[in-house]
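Participant: There's a structure below that I have some questions on.
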Amino acid sequence: MHKSESAAIKLRLEPKTHDLGAFEVRRAVPQAKMRNIGPWVFFDHFGPAELGPGKGMNVRPHPHIGIATVTYLFEGRIHHRDSVGSDQGIEPGAVNLMVCGSGMVHSERTYPEDFEGSYRMHGLQLWHALPDHEEERDASFHHYPAAVIPETVMDGGATVRLMMGEAFGLRSPVRTFSDIVYYEIALPAGRSVTLPAQAEQGLYCVDGDVTVDGEPSARFIMSVLGDGEHIVTAKSDARFAVVGGSPLGKRHIRWNFVSSRPERIREAARQWKAGEFPTVPGDATEFIPLPEELLF
């Protein structure tokens, strides 16, 4: 992580990289000095990776509370199943919103037929905290096909896709629970676009490099932006994600559990250990055990 004196970029967060064998995952948020950006408490970037025969994603059933997760793919596909009975293929351009609330269990796996050949996997998974009065809402899953996600081409050549919230005269159909925004911009080399002001916001380059008000923002770095509007210019053909909104107050994060109350996390850990969470229809044999540090 690098501090900046620039009014444009308050912090540059270098992700922590985790090798999952088949591909790498870069975790930009949370970090020690930046636990969240607006309501966003987790930002993972996996791939891009070329997966050969027999390689893929095999995330066994595991629990969440207090958040909504957002999965968005650039390439590849994932087989999502969860404890409310969802059985959904996640494909590029679609937005998949899993509202965990009082408790949700899900798995993320590669389809068996995809193990037979080679394919590419590349995407983002983000978590945003639910407001205090929504933390214990009933769990639900919402799939939004790529065709319903608003997209526009700006005069300067920027292509904007709005996954959540409102920006650039667009409004996403994806359900929200607080002041929140998430969008993607593809920007040709040498072109610029003005980002609207948000209470808090961060910019993460998936491809290429950009500048923010003249300050460099490199690929695979989360740049936490200052107040006001910002002019982003592409140094090369670039694609970047912007997340932001208003923070919801302190959140405690332990493993897959997020809550405004630490005692709620302890209770969730006890419930998972005791087998009191619901199971995933069609994927109920395996599960990820509670980490030892959460054993009580």
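Participant: Does V174 satisfy being in contact with a Ser or Thr (Cβ under 9 Å, 6 or more places away or on another chain) and β-branched (V, I, T)?
Facilitator: It is false that V174 is in contact with a Ser or Thr (Cβ under 9 Å, 6 or more places away or on another chain) and β-branched (V, I, T).
Participant: Only one of these conditions is not met by K16: (1) of a type outside the set (A, V, I, L, M, F, W, C); (2) under 25 Å from P173 (Cβ atoms); (3) without any contact (Cβ under 8 Å) to a residue 24 or more places away in the chain. Which number is it?
Facilitator: Evaluating K16 over (1) of a type outside the set (A, V, I, L, M, F, W, C); (2) under 25 Å from P173 (Cβ atoms); (3) without any contact (Cβ under 8 Å) to a residue 24 or more places away in the chain leaves (2) as the failure.
Participant: Exactly one of (1) touching a residue at least 60 places away in the same chain (Cβ under 8 Å); (2) touching a His at 6+ places or on another chain (Cβ under 8 Å); (3) buried (at least 20 other Cβ atoms within 10 Å of the Cβ) is unmet by I65. Its number?
Facilitator: The single condition I65 does not satisfy is (2).
Participant: Of all the residues that make up segment 23-67, how many are assigned to a strand (DSSP E or B) and either touching a Gly at 6+ places or on another chain (Cβ under 9 Å) or closer than 24 Å to R12 by Cα (or both)? Spell out how you get there, then give the answer.
Facilitator: Initial filter on segment 23-67 (assigned to a strand (DSSP E or B)): 24-29, 31, 34, 37, 40-51, 58-65, 67.
This time we only want the ones that are either touching a Gly at 6+ places or on another chain (Cβ under 9 Å) or closer than 24 Å to R12 by Cα (or both), so: 24-29, 31, 34, 37, 40-49, 51, 63-65, 67.
Within segment 23-67, residues that are assigned to a strand (DSSP E or B) and either touching a Gly at 6+ places or on another chain (Cβ under 9 Å) or closer than 24 Å to R12 by Cα (or both) number 24.
Participant: Can V174 be described as in contact (Cβ under 8 Å) with a residue 24 or more places away in the chain, surrounded by 18 or more Cβ atoms within 10 Å (Cβ to Cβ), part of a strand (DSSP E or B) and not aromatic (F, W, Y)?
Facilitator: Answer is no for this residue.
Participant: When the residues of segment 259-284 are filtered to those that are within 23 Å of K33 (Cα to Cα) and of a type in the set (G, A, S), which remaining residue is farthest from the chain's Cα centre (by Cα)?
Facilitator: The selected residue is S260.
Participant: Looking at the structure I just gave you, is G226 more than 30 Å from L294 (Cβ to Cβ) and surrounded by fewer than 22 Cβ atoms within 10 Å (Cβ to Cβ)? Give the steps one after another, and end with the answer.
Facilitator: Numbers: more than 30 Å from L294 (Cβ to Cβ): yes; surrounded by fewer than 22 Cβ atoms within 10 Å (Cβ to Cβ): yes.
Yes: the conditions hold for G226.
Participant: What number goes with the only condition from (1) under 25 Å from K16 (Cα atoms); (2) touching a Leu at 6+ places or on another chain (Cβ under 8 Å); (3) among the hydrophobic types (A, V, I, L, M, F, W, C) that V193 does not pass?
Facilitator: (1)
Participant: Residues that are part of a strand (DSSP E or B), within 26 Å of V105 (Cα to Cα) and in contact (Cβ under 8 Å) with a residue 60 or more places away in the chain: does segment 156-167 have at least one?
Facilitator: Yes, there is a match, as at least one residue in segment 156-167 is part of a strand (DSSP E or B), within 26 Å of V105 (Cα to Cα) and in contact (Cβ under 8 Å) with a residue 60 or more places away in the chain.
Participant: Let me ask something else about it. Determine the pairs where a residue that is within 18 Å of D138 (Cβ to Cβ), located within segment 269-292, has a partner that is aliphatic (A, V, I, L, M) and not in a loop (DSSP other than H, G, I, E, B) with Cβ atoms under 7 Å apart, the partner being 6 or more residues away or on another chain.
Facilitator: As it stands, the answer is F277/V105; P278/V105; T279/V105; V280/V105, since those pairs meet every condition given.
Participant: Same structure, new question: If you take just the strands (runs of 3 or more DSSP E) that sit entirely in segment 179-258, which of them hold at least 1 residues that are under 23 Å from P48 (Cβ atoms) and either modelled with pLDDT under 95 or within 17 Å of the chain's Cα centre (by Cα) (or both)?
Facilitator: Because the criterion is at least 1 residues that are under 23 Å from P48 (Cβ atoms) and either modelled with pLDDT under 95 or within 17 Å of the chain's Cα centre (by Cα) (or both), the strands (runs of 3 or more DSSP E) in segment 179-258 that meet it are 180-187, 200-207, 222-225, 238-245.
Participant: Hey, can you tell me all the residues within segment 261-290 that are assigned to a helix (DSSP H, G or I) and not polar (S, T, N, Q)?
Facilitator: Scanning segment 261-290 gives P262, E263, R264, I265, R266, E267, A268, A269, R270, W272, K273, A274.
The values are calculated or read from the model by the stated rules, or taken from the named source; none is laboratory data. Bear in mind the structure is a predicted one, so any value in this text is a computation, not a measurement. Please note: Cβ atoms are built from the backbone with ideal geometry, for glycine as well, and neighbour counts cover all protein chains shown.
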